[in-house]
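Worksheet: one structure, shown below.
FYI, it's all coordinate maths here, none of it is from the lab. Because the structure is a prediction, the values reported are computed rather than measured. Neighbour counts run over all protein chains shown; Cβ positions are idealised from the backbone, glycine included.
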Amino acid sequence: MVLTLFILALARPRLTLKQQSVNAEGIDIMLAMDVSTSMLSTDFDPNRLEASKKVAKDFIKNRPYDRIGLVIFSG
């Protein structure tokens, strides 16, 4: 058994995978999100912070080729 595994290791078997080229251009986007206590106001359902998170998630999902960064601040 050991000899078989040794011979197999010396043979260096490889798996060749096809690479697929994607020609898509994206842009750089930075999102800034306020997480201060004022964002807990309930003028949006359930509050401003949760509404902002949902909008940001939906925005990011719809931009698959863009590079998106997130800055979180509290003021």
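Some points to look at:
- Our helix-only sum for the chain, with -39,500 (n - 2.57) per DSSP H run of n ≥ 4 divided by its residues, gives a mean residue ellipticity at 222 nm of -10000 deg cm²/dmol.
- Amide hydrogen neighbours beyond the local backbone of Leu31, cut-off 5 Å, H modeled: Gly69, Leu70, Val71
- Mean Cα-pair separation over length for segment 28-75, i.e. relative contact order, pairs under 8 Å, 6 or more apart, %: 62
- One chain, two ends: Asp66 and Ser41. Fully extended at 0.36 nm per residue, the span grows by 5.9 nm beyond their Cα-Cα distance.
- Segment 27-75 shape via C-alpha gyration tensor axes, a/c threshold 1.5: oblate
- In degrees, nearest ten, helix 2-11 long axis to first principal axis of the chain (Cα): 70
- Listed peptides 14-25, 29-40, 47-58, 64-75 by packing density, highest first (mean Cβ within 10 Å): 47-58, 29-40, 64-75, 14-25
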